[in-house]
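Chemist: What follows is a structure written as structure tokens; I'll ask about it next.
The values are calculated or read from the model by the stated rules, or taken from the named source; none is laboratory data. Worth saying up front: this structure is predicted, and the values here are computed from it rather than measured. Note that we place each Cβ from the backbone using ideal geometry, even for glycine, and neighbour counts take in every protein chain shown.
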Amino acid sequence: MGHSEKPLLRALSGEAVWPPPMWLMRQAGRYLPEFRALRDRADFLTRCMTPDMAVEITLQPIRRYAMDGAILFSDILVLPWAMGLSLEFIEGRGPVMSPVRSAADVDRLSPGRVAEVTEPVQEALRRLAVELPSETTLIGFAGAPFTVACYMVEGESAREFPTTRSFMLREPAVFDRLMAILTEATAEMLVRQIAAGAEAVMLFDSWAGLLPPPLFRRHVIEPARQIAAFIRARYPDVPLIGFPRLGGVMVAEYAENTGVDALALDGSADLSVVRGMLKTPVTLQGNLDPLILKEGGDAMVKAARSIRDSMRGHPHVFNLGHGVVPQTDPEHVAALVRAVRDV
Ligand code: 1CP
């Protein structure tokens with residue numbers, strides 16, 4: 001299938017495709033028995049940095065469900081790790097890093113070594129570009145600078161990231177310096193992913209919703225605008241999906257001012273209302289609640305169809321509002337795929 005005939009790429013370039021193309025955030029993961037089988041063989045970072053494993057895990061949900069998009073198996077925290085920060089994924093606690101909380105800590109980062117350290121990621125993308133079915137779109141990704149900074153300053157996950165937000169307010173110059181390093185490194189990393197075969201890229205700003213409007217403009221919209229411009233200057237035809245999670249009414253400004261091609265929405269957004277807020281049309285992606293998918297049944301089919309049908313005639317990529325939760329029955333995902341594709 002030619003590049004421009006892939007349903008997901010058509011939708012991301014602004015075409016209303018019916019039924020909408022679909023893929024799911026965290027479509028590769030712990031809810032799949034074939035993922036759990038591999039998981040016991042190596043730790044998380046090893047799986048990300050070993051092309052054989054990253055390729056295999058990326059392909060698992062494609063084989064099972066023929067999703068329209070294959071998102072590379074990796075993690076947003078590979079970038080700070082590649083800059084030299086220690087990183088461990090601890091069962092039940094999530095990612096743990098050595099915290100960055102001073103100018104000296106920021107100066108110790110080594111953005112210059114990222115390209116070399118992440119070479120196995122590019123290798124996985126090159127192999128996937130060859131191995132994927134011809135109608136499937138290969139998606140690269142990165143964490144947005146603010147969300148990655150949250151994990152770096154906090155040193156671990158948190159519900160509200162209080163240390164990071166206090167640090168941002170108390171040490172704005174140091175925080176700005178960290179954001180500048182992350183913005184540049186993220187843009188360069190996404191361009192390398194595209195060079196290796198990614199046909200679309202997504203920027204995950206999972207914690208964007210924590211910021212008040214002036215700081216949302218400064219730390220969410222402005223870095224995304226710079227990253228989008230950097231990519232567009234080199235690859236004008238590769239779509240960028242932005243995900244300012246829980247951004248509320250700020251998502252309209254995000255879509256207008258960043259230059260992203262598609263706006264991914266969390267489960268709290270009403271797609272029709274957001275569409276009405278936008279002056280420049282962008283493709284909308286989303287946004288079934290992952291817990292509705294976990295429960296499954298008729299209620300899930302109804303909720304999915306309601307989202308799908310509300311976007312009929314407009315450019316839409318069907319997805320969840322956040323990642324698949326590990327307790328999800330793989331049969332519920334199969335039922336969701338049928339619900340979205342049966343017309
Ligand atoms: O072995 C395991 O179970 C590890 C779980 C896991 C997985 C499967 C982690 C640790 N990361 C991933 C893969 C991953 N992470 C992908 C792969 C592709 C796919 O979607 O199938 C992607 C796109 C991510 C992105 C990611 N990682 C985000 C942004 C999206 C989101 O979920 O908000 C974030 C915030 C992370 C950090 C992270 N990595 C892993 C965990 C458990 C977390 C979240 C910790 C937290 O809740 O704060």
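Chemist: Identify, by number, the condition in (1) under 17 Å from Ala16 (Cβ atoms); (2) in contact with a Ser or Thr (Cβ under 9 Å, 6 or more places away or on another chain); (3) hydrophobic (A, V, I, L, M, F, W, C) that Leu293 doesn't meet.
Modeler: It fails just one condition, (1).
Yes or no, residue by residue, for (1) among the polar types (S, T, N, Q); (2) part of a helix (DSSP H, G or I):
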residue: Asp237; (1), (2): no, no
residue: Leu263; (1), (2): no, no
residue: Ser268; (1), (2): yes, no
residue: Met300; (1), (2): no, yes
residue: Arg305; (1), (2): no, yes
residue: Arg308; (1), (2): no, yes
residue: Val325; (1), (2): no, no
residue: Glu331; (1), (2): no, yes
residue: Leu336; (1), (2): no, yes
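Chemist: Name the residues in the stretch 110-137 that are among the charged types (D, E, K, R) and under 26 Å from Leu182 (Cα atoms), would you?
Modeler: Taking the stretch 110-137 as the starting set, the residues that turn out to be among the charged types (D, E, K, R) are 113, 116, 119, 123, 126-127, 131, 135.
Answer for the stretch 110-137, where residues must be among the charged types (D, E, K, R) and under 26 Å from Leu182 (Cα atoms): Arg113, Glu116, Glu119, Glu123, Arg126.
Chemist: Right, here's the next one. Those residues that are more than 21 Å from Gly276 (Cβ to Cβ), more than 16 Å from the ligand (Cβ to nearest atom) and crowded, with 21+ Cβ neighbours inside 10 Å, I need them from the stretch 301-328; list them, please.
Modeler: Matches in the stretch 301-328: Ala304 only.
Chemist: Under the condition of being away from the ligand (no atom under 11 Å from the Cβ) and within 18 Å of the chain's Cα centre (by Cα), which residue from the stretch 14-48 is surrounded by the most Cβ atoms within 10 Å (Cβ to Cβ)?
Modeler: The first filter runs over the stretch 14-48 and keeps only residues away from the ligand (no atom under 11 Å from the Cβ), leaving 14-22, 33-34, 37, 41.
From the residues that got through so far, the ones that are within 18 Å of the chain's Cα centre (by Cα) too are 21-22.
Numbers: Pro21: 26, Met22: 28.
The qualifying residue surrounded by the most Cβ atoms within 10 Å (Cβ to Cβ) is Met22.
Chemist: Using beta carbons and a limit of 7 Å, which pairs, at least six apart or on different chains, have the first residue in the stretch 158-172 and of a type in the set (Lys, Arg) and the second one assigned to a helix (DSSP H, G or I)?
Modeler: Between residues of the stretch 158-172 that are of a type in the set (Lys, Arg) and residues that are assigned to a helix (DSSP H, G or I), the close pairs are Arg165/Leu210.
Chemist: Please enumerate the residues belonging to the stretch 277-298 that are within 23 Å of Ala255 (Cα to Cα) and in a helix (DSSP H, G or I).
Modeler: The first filter runs over the stretch 277-298 and keeps only residues within 23 Å of Ala255 (Cα to Cα), leaving 277-289.
Met277 - this is the single residue of the stretch 277-298 that is within 23 Å of Ala255 (Cα to Cα) and in a helix (DSSP H, G or I).
Chemist: Collect the residues in the stretch 211-241 that are within 15 Å of the ligand (Cβ to nearest atom) and free of Cβ contacts under 8 Å to residues at least 60 places away in the same chain, keeping them in residue-number order.
Modeler: Residues of the stretch 211-241 that are within 15 Å of the ligand (Cβ to nearest atom), as a first pass: 220, 224, 240-241.
The one that is within 15 Å of the ligand (Cβ to nearest atom) and free of Cβ contacts under 8 Å to residues at least 60 places away in the same chain: Leu240.
Chemist: Shifting gears a bit: Is one or more of the residues making up the stretch 295-305 in contact with a Pro (Cβ under 9 Å, 6 or more places away or on another chain) and modelled with pLDDT of 95 or more?
Modeler: The answer is no, given that none of the residues of the stretch 295-305 is in contact with a Pro (Cβ under 9 Å, 6 or more places away or on another chain) and modelled with pLDDT of 95 or more.
Chemist: Then there's this: Please state which one of Leu79, Leu12, Leu87 is modelled with pLDDT of 95 or more, in contact with a strand residue (DSSP E or B) (Cβ under 6 Å, 6 or more places away or on another chain) and closer than 29 Å to Leu178 by Cβ. Don't jump to the end; show me each part of the working.
Modeler: Working: Leu79 fails: in contact with a strand residue (DSSP E or B) (Cβ under 6 Å, 6 or more places away or on another chain); Leu12 fails: closer than 29 Å to Leu178 by Cβ.
Only one candidate passes the filter, namely Leu87.
Chemist: Filter the stretch 40-55 down to residues that are outside any loop (DSSP other than H, G, I, E, B) and in contact with a helix residue (DSSP H, G or I) (Cβ under 9 Å, 6 or more places away or on another chain), then give me how many there are. Break it down into steps so the answer makes sense when it comes.
Modeler: If we filter the stretch 40-55 for residues that are outside any loop (DSSP other than H, G, I, E, B), which is where we start, we get 44-49, 51-55.
The next check asks that each one be in contact with a helix residue (DSSP H, G or I) (Cβ under 9 Å, 6 or more places away or on another chain); those that pass are 45-49, 51-55.
Residues in the stretch 40-55 being outside any loop (DSSP other than H, G, I, E, B) and in contact with a helix residue (DSSP H, G or I) (Cβ under 9 Å, 6 or more places away or on another chain): 10 in total.
Chemist: I've got another one for you. Please pick out the residue among Ala11, Ala28, Ala37 that is closer than 19 Å to Asp329 by Cβ, hydrophobic (A, V, I, L, M, F, W, C) and outside any loop (DSSP other than H, G, I, E, B). Give the steps one after another, and end with the answer.
Modeler: Working: Ala11 fails: closer than 19 Å to Asp329 by Cβ; Ala28 fails: outside any loop (DSSP other than H, G, I, E, B).
Result of the check over Ala11, Ala28, Ala37: Ala37.
Chemist: What residue, of Gly242, Gly286, is under 15 Å from the mean Cα position of the chain (by Cα) and at positive phi? Don't jump to the end; show me each part of the working.
Modeler: Details: Gly242 fails: at positive phi.
Testing whether each residue is under 15 Å from the mean Cα position of the chain (by Cα) and at positive phi leaves just Gly286.
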